[in-house]
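Any read-out appearing in this document is the output of simple, stated calculations on the displayed coordinates, not a laboratory observation. Since we're looking at a predicted model, the values are computed, not measured. As a convention, Cβ positions derive from the backbone with ideal geometry for all residues, glycine included, and neighbour counts pool all protein chains shown.
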Amino acid sequence: MSYLNHRFIGLPTTIGVMGIALMLSFALFGLDKLGFGALHDYEVSLLSSVDFSEVLMQGMLSLLLFAGALHVDLSELKSYKWQVGILAVFGTLASTLLVGFGLWATLPYTGIALPLSYCLIFGALISPTDPIAVMGILKSAGAPKSLEIVIAGESLFNDGVGVVLFSLLLAMVASGEAPTAARGAMLLLEEGGGGIAFGLVLGYVTYLMLKSIDSYQEEVLITLAAVLGGYALADNLHVSGPLAMVVAGLIIGNHGRAQAMSDKTREHLDMFWELLDSMLNAVLFVLIGLEVILIKFSASLALAAAAVIAITLAARLISVGVPVSLLGRVFKLPQGALQVLTWGGLRGGISVALALSLPSGPQRDLVLALTYAVVVFSILVQGLSIGKVARNVGGAE
């Protein structure tokens with residue numbers, strides 16, 4: 001699929017392979033309706049053998065987050081630390097509440113019912129942004145550097161915040177008791193703060209190991225072991241693995257790259273992680289495109305999907321628009337930045353994986369279908385048009 005996209009279509013890889021996988025799934029769905037169901041049944045059987053949630057959350061995620069953080073300039077990120085922090089924490093929390101209550105109020109008009117608790121769970125899993133597919137477009141479109149930094153930084157940190165909120169709300173459903181604000185804040189502090197602290201320790205220990213030798217083969221293996229072993233250890237310590245990987249990646253990508261590596265090691269390390277990042281992203285978005293075949297479509301579901309896409313976009317606009325408007329002097333972003341922050345807030349594999357991790361039942365099936373609707377719209381529609389929006393902002397600046 002990557003070959004077909006590169007040779008004939010020319011879209012960014014993540015968007016292209018997902019689009020091809022979607023067309024393949026819909027083609028097999030159509031053949032099944034015409035009585036040729038062998039390939040459809042094979043795809044369903046194949047996907048049933050893959051635990052998408054486990055593969056992403058316990059396999060790919062640590063590698064993708066580390067690889068993404070590895071190339072973020074820490075000095076530039078520090079210049080926008082308040083913008084990133086406000087959007088990653090308060091923006092994600094606000095989006096969760098806005099989407100959850102908006103969905104709860106709107107769904108009855110589509111003929112579908114979903115308990116408030118599951119509406120809030122949907123809000124938590126759909127709020128983290130995934131700019132993997134959009135960052136290359138922003139760069140090629142000449143978007144202001146400040147926007148690239150803020151969008152990348154926000155996405156790296158709001159994954160951890162979103163997962164903590166999702167876990168808290170899911171525990172509420174399992175126990176039948178609503179968590180108090182104090183418990184929610186404590187869990188966020190334990191998981192989020194613990195993840196950042198663990199990432200600092202992991203990054204520093206890895207940095208010392210890299211600095212003590214000069215052999216690119218072993219140094220590449222050290223970073224790989226730090227990511228896979230560190231993520232597993234964070235999970236056992238009950239701290240945020242995603243945040244730990246981001247912090248460790250920032251340390252290795254900045255201090256490690258500058259002070260602990262030779263030019264040869266730096267070159268091989270960058271090539272290894274760029275290649276791994278590209279391959280995992282291609283696999284991830286192919287899986288997203290193929291998994292859609294498991295969704296059961298209906299007219300009421302299509303109406304609900306359209307409503308939830310509008311709600312999610314409105315929540316994104318409000319959750320980034322309010323802080324940008326109220327704290328304009330602090331944010332120091334170019335005119336028109338709000339459009340890019342809103343339209344560039346893509347959703348991706350993490351949202352799908354969290355939806356798939358819900359307990360089996362009609363609520364899970366509905367949440368999964370709505371999640372797919374938002375993710376597909378986000379990647380194909382927003383991802384393909386964000387370049388035009390970014391160019392307008394670049395021109396305004």
- Rounded to the nearest 10 degrees, the helix 263-291 long axis (Cα) sits at an angle to the longest Cα principal axis of the chain of 10 degrees
- With the dipole of the chain worked out from charges on the C-beta (+1 for Lys and Arg, -1 for Asp and Glu) around the Cα centre, which of GLN58, SER385, GLY37 lies farthest toward the positive end? SER385
- the stretch 273-397 - percent relative contact order, Cα under 8 Å, separation 6 or more: 34 percent
- Task: Counting only C-alpha contacts under 8 Å and six or more residues apart, can you give the relative contact order of the stretch 11-396 as a whole percent?
- Result: 30 percent
- Total lysine pairs under 30 Å (Cα atoms) in the chain, excluding pairs fewer than 8 apart on one chain: 20
- Least to most buried among TYR3, TYR216 (fewest other Cβ within 10 Å first): TYR3, TYR216
- Message: How would MET279, MET209, MET57 line up from fewest to most surrounding beta-carbon atoms within 10 angstrom?
- Response: MET279, MET209, MET57
- Check: the stretch 11-396 dipole with +1 on Lys, Arg Cβ and -1 on Asp, Glu Cβ, in debye: 1200 debye
- Query: Can you sort SER240, SER300 by how many other beta carbons sit within 10 Å, fewest first?
  - Reply: SER300, SER240
- Item | the chain: calculated mean residue ellipticity at 222 nm from DSSP helix runs of at least 4, using -39500 (n - 2.57) | -23500 deg cm²/dmol
- Query: Counting pairs of alpha carbon atoms under 8 Å apart in space and at least six apart in sequence, what relative contact order in percent does the stretch 147-284 give?
  - Reply: 30 percent
- Nearest 10, in degrees from 0 to 90: the angle of helix 13-33 to the longest Cα principal axis of the chain is 20 degrees
- Task: Putting +1 on Lys and Arg Cβ atoms and -1 on Asp and Glu Cβ atoms, find which of LEU333, SER155, LEU107 reaches farthest to the positive end of the dipole of the chain.
- Result: LEU333
- Task: Could you tell me which chymotrypsin sites (Phe, Trp or Tyr not before Pro) in the stretch 262-330 are loop residues by DSSP with no more than 16 other beta carbons within 10 angstrom of their beta carbon?
- Result: PHE297
- Message: Which of the three applies to the stretch 252-316, rounded, prolate or oblate, going by the alpha-carbon gyration tensor with a ≥ b ≥ c and a/c under 1.5 meaning rounded?
- Response: oblate
- Separation of the stretch 267-339 and the stretch 8-40 by C-alpha centroid, Å? 22 Å
- Task: Treating the angle as unsigned and between 0 and 90°, give the value, to the nearest 10°, between the Cα long axis of helix 116-126 and the longest Cα principal axis of the chain.
- Result: 50 degrees
